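These notes are about the structure you will find just below.
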Amino acid sequence: MYEILAREEFSESTFLLEVQHPLLAKAANPGQFVIVMVRADGERIPLTIADYSVARGTITLVIQAVGKTTRDMQQNCRVGDMLYALVGPMGIPSHIGEVQKVICVGGGLGVAPVFPQARAFKQRGAYVIGVIGFRSKDLIFWEDKFRDVCDELIICTDDGSAGIQGLVTDGVAQAIESHPDIEEVIAIGPPVMMKFCAETTRPHKIKTMVSLNPIMVDGTGMCGGCRVSVGGEIKFCCVDGPDFDGHQVDFDELMRRLDRFKAEEKQSLERWSRATNCRLQDEEPHTPQ
Amino acid sequence: MPPKTMRTICQQRTPMAAQDPKQRIDNFSEVTLGYSLADARNEAERCLMCPQEPCVKGCPVGIDIPGFIQKICDQDYRGAYEVLADATLLPAICGRVCPQEDQCEGACVVTQKLESVGIGRLERFIGDMAIAEGWSSKPDIEPNGYKVAIVGAGPAGIACAADMAKAGCDVTIFEALHRPGGVLTYGIPDFRLPNTVVDAEFEKVLQLGVKVEANTLVGRLFSLAQLRNELGFHAVFIGTGAGYPSFMGIPGEALNGVLSANEFLTRCNLMQAGEFPARDTPLHMGRKVAVIGAGNTAMDAMRVALRLGAEEVYCLYRRTKAESPAREEELEHAKEEGVIFQWLTAPLEILGDADHQVSGLRCIRMELGEPDNSARRRPVAIENSDFEFECNTVIYAIGTNANPIIGQTSKLKLNKRGYIEVDAEQRTSLAGVFAGGDIVTGSATVILAMGAGRSAARSMKRYLGIKEAEEMEVSDPARPRAFGIDTRQQQFTRVRLPGKERAA
Ligand SMILES: Cc1cc2nc3c(=O)[nH]c(=O)nc-3n(C[C@H](O)[C@H](O)[C@H](O)COP(=O)(O)OP(=O)(O)OC[C@H]3O[C@@H](n4cnc5c(N)ncnc54)[C@H](O)[C@@H]3O)c2cc1C
Ligand SMILES: Cc1cc2nc3c(=O)[nH]c(=O)nc-3n(C[C@H](O)[C@H](O)[C@H](O)COP(=O)(O)OP(=O)(O)OC[C@H]3O[C@@H](n4cnc5c(N)ncnc54)[C@H](O)[C@@H]3O)c2cc1C
Ligand code: FES
């Protein structure tokens with residue numbers, strides 16, 4: 001059993017869990033992920049290791065509540081609770097090459113996962129430009145953590161309430177314009193964001209690595225559910241990735257495959273919401289006066 | 001009593017009761033119901049107790065088959081269990097899933113004239129009785145201070161773990177998934193091998209003192225080198241299975257509704273997607289399901305699909321029934337349950353609709369040509385014989401490749417196809433590291449994996465300088481206990497220790 005030692009709310013939909021697992025903390029590298037089961041009858045869901053501390057013996061997950069399992073975690077995973085299963089670190093660690101100048105882009109649920117890479121590049125001595133995107137100012141998190149490891153940080157918000165108004169691709173374009181010598185771009189976020197980051201860098205021929213997030217089951221290469229097309233070849237994201245060359249990835253296929261269980265996901269979430277509402281209503285009369 | 005002969009024994013094999021096909025496709029309960037006491041005794045009497053014992057040679061773990069059958073004839077069921085437990089801790093599992101027709105039963109002398117003795121059914125009968133009665137075979141174990149790590153809780157790992165624990169080692173099995181059992185748990189469905197049976201037999205392994213660490217991905221959480229150097233294990237066995245399912249690379253494979261049999265079965269067996277939404281893991285299956293391949297995995301996938309409500313289930317195989325690698329019983333059961341077999345048929349393209357959902361398959365008819373290097377006749381496409389048919393789900397069951405994780409994270413020598421290279425004694429290129437099962441041979445069988453696990457255990461004992469139990473014991477000298485398998489050649493070579501020749 002894996003105990004939750006800390007929890008932090010970032011916004012209405014995003015929260016952080018710090019979970020105890022000393023061996024995992026020691027083994028984790030940037031770019032790797034874990035598979036979590038909240039309870040014995042739950043689903044196995046992949047989450048990126050957003051940070052790890054050997055000293056504390058913990059790993060950090062930053063989770064966006066989008067469907068049944070992640071909302072259930074948002075509502076029910078409290079400090080002191082145990083996760084039923086936690087396995088990892090999975091995937092091939094990101095290649096932190098000896099580059100002089102790099103852009104690390106994070107959008108939406110990709111902001112936290114790109115942090116370990118940014119830090120690793122900094123530790124390698126690179127000039128790191130961070131580009132992180134949020135919908136608005138009050139959704140921003142980890143700005144200070146990024147400032148610590150980035151030589152420049154460009155914050156993008158949809159509504160312009162902080163940083164520049166626009167998408168992360170605008171931030172990337174701006175960075176490329178002022179730095180003609182960028183050698184690599186790392187982009188993590190929703191598939192559509194990674195796709196457009198890759199399109200932004202393609203004309204400049206800048207190597208662009210993306211971290212893919214297909215639907216997974218085991219995370220050990222055994223089921224092939226996580227397969228993606230890269231350069232026309234089939235790859236299993238959990239063991240051959242999750243990092244791939246963004247200029248080779250078939251993002252449209254990835255996005256279509258993420259919809260595989262749309263109907264079931266909706267059904268599951270509705271059922272869970274109904275049950276949660278009933279429980280809340282049932283519980284109301286019992287609240288102490 | 002006059003000696004039994006082919007003429008005096010019962011001419012028919014004692015049938016085993018089974019659920020009616022119409023009824024059983026609505027449930028996940030076991031299809032075959034096992035022998036009753038009377039059935040078992042009748043069937044045991046059909047064994048001629050021939051001196052050649054070809055059945056024993058046909059068994060990859062060298063079970064003393066006439067020995068345990070004799071005990072059934074003597075009504076000494078506990079004794080029969082002891083004979084089995086000498087060679088296998090998983091009789092209820094093997095009795096259900098071994099391809100007996102190619103092994104012990106295929107070699108049985110009775111097959112020269114009649115149906116062979118139902119060895120597998122008798123083994124299962126004793127295995128089930130042992131579970132029901134709570135028998136276990138726990139020898140006196142003297143701890144010897146050696147720590148042994150087993151990677152993967154499939155049949156190979158379990159067999160190796162049991163033997164090393166019996167020898168007195170402190171054994172830990174590391175398993176990546178949240179439940180042990182390997183393919184037995186995530187692959188083979190309950191109607192053929194209930195997970196309760198797997199759990200019950202695994203429990204006997206735990207009773208030997210074996211520890212299990214689930215949720216542990218070896219290679220990533222720690223490396224093989226760390227296991228040896230930092231975590232203090234004196235020897236390591238790798239039984240990580242083949243995993244990594246193959247696809248064909250034909251157009252349409254990325255459509256929604258195309259999946260591997262491993263994914264389909266894992267969702268259903270390990271994650272119980274059949275109970276969605278009470279369970280969280282979903283499965284999306286259409287009314288018409290096409291399964292490509294005709295091995296055990298394909299049979300399992302098709303029969304699960306029927307039970308989950310598929311209206312039509314097709315089996316597409318580019319060769320004929322004769323070349324199908326599935327157990328005979330599975331083919332028979334699949335047919336009874338209504339699977340539509342399309343022999344000599346290969347898919348060319350998966351067709352999709354505007355929503356990127358599978359809508360059909362375009363296939364081509366084949367004929368058998370000259371033998372290929374697997375000695376089977378090579379299927380050749382018949383020109384202009386392509387045709388289309390409607391289906392909504394396509395399941396690939398065309399085999400698996402080596403799982404790359406251990407290879408990616410160690411210096412182990414692998415062969416060209418990515419499987420771990422071992423010598424005749426299951427030793428890998430790294431000292432103190434042994435391997436066996438599907439990760440060495442490619443997809444094979446439960447019993448071959450167990451045989452390899454046991455063979456590795458013997459080799460590991462020699463490496464650690466632990467004396468073989470046989471060398472110390474003075475019990476029944478007539479019983480052969482040692483065996484060895486040359487897994488690379490897929491042949492069974494029996495090795496007997498000196499002085500242990502069987503008194504014929
Ligand atoms: C390598 C990897 C790393 C990830 N890292 C993070 C992270 O750090 N933080 C985070 O919030 N999310 C992360 N995700 C996505 C996260 O796994 C999904 O949001 C989660 O599984 C949704 O489950 P649900 O039941 O809440 O929602 P559902 O309603 O089941 O699904 C919502 C959406 O999530 C996707 N999804 C559903 N099931 C799975 C599954 N088993 N595996 C992958 N995706 C699925 C689908 O696209 C679906 O449309 C990662 C995914 C991958 C593959
Ligand atoms: C659907 C299906 C039906 C079958 N039916 C039959 C049948 O009827 N009869 C028969 O004889 N054979 C059958 N087989 C074949 C048989 O199941 C296999 O040959 C056998 O299970 C191989 O055993 P193994 O121990 O080598 O590997 P597996 O059973 O594959 O077990 C390997 C285990 O190692 C774990 N693992 C992998 N990598 C790691 C890692 N890095 N760290 C930790 N753990 C890891 C896996 O999660 C798994 O639990 C069938 C196979 C399938 C897929
Ligand atoms: S998640 Fe099953 S193979 Fe990648």
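The values are calculated or read from the model by the stated rules, or taken from the named source; none is laboratory data. The structure presented is a predicted model; accordingly, all values stated were derived computationally and were not measured. Reconstructed Cβ throughout: ideal geometry from the backbone, glycine too, with neighbour counts over all protein chains shown. Just so you know, the surface numbers come from the protein's heavy atoms only, side chains and all, with ligands and any DNA or RNA stripped out. Shrake-Rupley method; radii C 1.70, N 1.55, O 1.52, S 1.80 Å.
Side notes on the structure shown:
- For region B:402-412, 3J(HN,Hα) computed residue by residue from phi via the Karplus equation (6.51, -1.76, 1.60; θ = phi - 60°) reads 5, 5, x, 4, 5, x, 4, 10, 8, 9, 4 Hz, glycine and proline entered as x.
- Heavy-atom accessible surface of chain B, averaged per residue, reaches 40 Å², computed with a 1.4 Å probe.
- Three principal axis extents describe the C-alpha atoms of region A:101-258; from largest down they are 42, 33, 28 Å.
- Net dipole in debye of region B:1-115 [+1 Lys, Arg Cβ; -1 Asp, Glu Cβ; about Cα centre; nearest 20]: 300
- Taking amide H atoms as placed 1.01 Å from N in the peptide plane, the amide H of residue B:349 lies under 5 Å from those of B:362, each 5 or more residues away in sequence or on another chain.
- Mean per-residue shielding of peptide B:145-158 is 0, counting Cβ atoms of other chains within 10 Å of each Cβ.
- Averaging over all projection directions, the Cα-based convex hull of region A:1-124 occupies 7.6 nm² in the image plane.
- For residue B:130, net neighbour charge (Lys/Arg +1, Asp/Glu -1) across residues whose Cβ lies under 12 Å away: -3
- Using R0 = 60 Å, the C-beta based FRET efficiency linking residue A:152 and residue B:354 works out to 0.85.
- Förster-model FRET efficiency, 35 Å R0, residue B:311 and residue A:76, C-beta, rounded to 0.05: 0.35
- Backbone N under 19 Å from the residue B:78 label point (7 Å along Cα→Cβ), restricted to region B:26-56: B:37
- At a probe radius of 1.4 angstrom, the accessible area of chain A per residue rounds to 43 square angstrom.
- Note: relative contact order over chain A, using C-alpha pairs below 8 Å and six or more positions apart, is 15 percent.
- Neighbourhood charge, 15 Å Cβ-Cβ cut-off, centred on residue A:49 and excluding it, Lys, Arg +1 and Asp, Glu -1: +2
- Number of partner chain Cβ atoms within 10 Å, mean per residue of A:26-37: 2
- Point-charge dipole on Cβ atoms (K/R +1, D/E -1) for region B:248-400, about Cα centre, debye to 20: 240
- Neighbourhood net charge (15 Å Cβ-Cβ; Lys/Arg +1, Asp/Glu -1) for residue A:116: +1
- 3J(HN,Hα) along region B:259-264: 8, 7, 4, 4, 5, 4 Hz, from the Karplus curve 6.51 cos²θ - 1.76 cosθ + 1.60 with θ = phi - 60°, whole Hz, x for Gly and Pro.
- Selected from B:281, B:268, B:291, residue furthest toward positive end of dipole (region B:250-295; charges at beta carbon): B:291
- A Förster distance of 56 Å, applied to the separation of the beta-carbon atoms of residue A:53 and residue B:6, puts the FRET efficiency at 0.15.
- Placing +1 on the Cβ of every Lys and Arg and -1 on the Cβ of every Asp and Glu, with no other charges, gives region B:38-90 a dipole of roughly 80 debye about its Cα centre.
- The residues of region A:238-279 occluded by other protein chains by 50 Å² or more of accessible area, set against the chain on its own, are A:239, A:256, A:260, A:261, A:264, A:271; surface from heavy atoms, 1.4 Å probe.
- Interface B-A: total buried accessible area of about 3900 Å², 1.4 Å probe, protein heavy atoms only.
- For the listed peptides B:338-350, B:27-39, B:145-157, B:430-442, a ranking on the average number of other beta carbons within 10 Å per residue, highest first, reads B:145-157, B:430-442, B:338-350, B:27-39.
- 3J(HN,Hα) from dihedral phi, region A:94-109, Karplus parametrisation 6.51/-1.76/1.60, rounded to Hz, x for glycine, proline: 4, 7, 9, x, 8, 9, 7, 9, 9, 10, 10, 10, x, x, x, 6
- Cross-link reach is defined here as a Cα-Cα straight distance under 18 Å, omitting same-chain residues fewer than 8 places apart; for residue B:204 the aspartates and glutamates meeting it are B:82, B:86, B:123, B:128, B:133, B:140, B:142, B:163, B:170, B:175, B:213.
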